[in-house]
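Chemist: Mind looking over this structure? Questions follow.
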Amino acid sequence: MWTALADPHRRAIVALLLERPRPVGEIVEACGLSQPSTSKHLKVLRDAGLVRVRQDAQRRVYALDPSPIAELDAWLDPYRRLWNSSLDALGRRLDETSDDTDETPSKD
């Protein structure tokens, strides 16, 4: 999954599919890639389990599969808590620094 999401084009496709399922033609148009290049990116995403495809007459419609992303979100949760506490501490320190500089008389 990490490798699949490492590519910016594939992340753009995932973002499009987050809105709603789309046929390949719409994905090609929205991403500005060629149809063969888009198909290769979709195959990587499909192989990683991030998207699923269904036939709709002559069209292939791709949809986001939220399961792997939910697993990734659960894995990131402890790190998110670490980042949040670190950012909170940084915010407190910046507030303290700001308070210190507000009390310093100007040299005018």
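The values are calculated or read from the model by the stated rules, or taken from the named source; none is laboratory data. Small disclaimer: the values here were computed from a predicted structure and weren't measured. Because the Cβ atoms are built from the backbone with ideal geometry, glycine has one as well, and the counts that use them run over all protein chains shown. Ligands, DNA and RNA are excluded from the accessible area calculation, which covers all protein heavy atoms including side chains. Shrake-Rupley method; radii C 1.70, N 1.55, O 1.52, S 1.80 Å.
Residue by residue, here is whether (1) surrounded by 10 or more Cβ atoms within 10 Å (Cβ to Cβ); (2) over 17 Å from T3 (Cα atoms); (3) in contact (Cβ under 8 Å) with a residue 24 or more places away in the chain; (4) charged (D, E, K, R) holds:
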{"residue": "I27", "(1), (2), (3), (4)": "yes, yes, yes, no"}
{"residue": "S34", "(1), (2), (3), (4)": "yes, yes, no, no"}
{"residue": "G49", "(1), (2), (3), (4)": "yes, no, yes, no"}
{"residue": "V53", "(1), (2), (3), (4)": "yes, yes, no, no"}
{"residue": "A57", "(1), (2), (3), (4)": "no, yes, no, no"}
{"residue": "S85", "(1), (2), (3), (4)": "yes, yes, no, no"}
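Chemist: Could you grab me the full set of residues in segment 87-103 that are among the polar types (S, T, N, Q) and either open to solvent by 90 Å² or more (accessible area, probe 1.4 Å) or modelled with pLDDT of 70 or more (or both)?
Modeler: T97, S98 - these are the residues of segment 87-103 that are among the polar types (S, T, N, Q) and either open to solvent by 90 Å² or more (accessible area, probe 1.4 Å) or modelled with pLDDT of 70 or more (or both).
Chemist: Please go through segment 54-68 and pick out each residue that is farther than 10 Å from P23 by Cβ and touching a helix residue (DSSP H, G or I) at 6+ places or on another chain (Cβ under 8 Å).
Modeler: A63, L64
Chemist: Additional query: Is it the case, given these coordinates, that L16 is open to solvent by less than 40 Å² (accessible area, probe 1.4 Å), among the aliphatic types (A, V, I, L, M) and under 27 Å from W2 (Cα atoms)?
Modeler: Judged against the criteria, L16 is a match.
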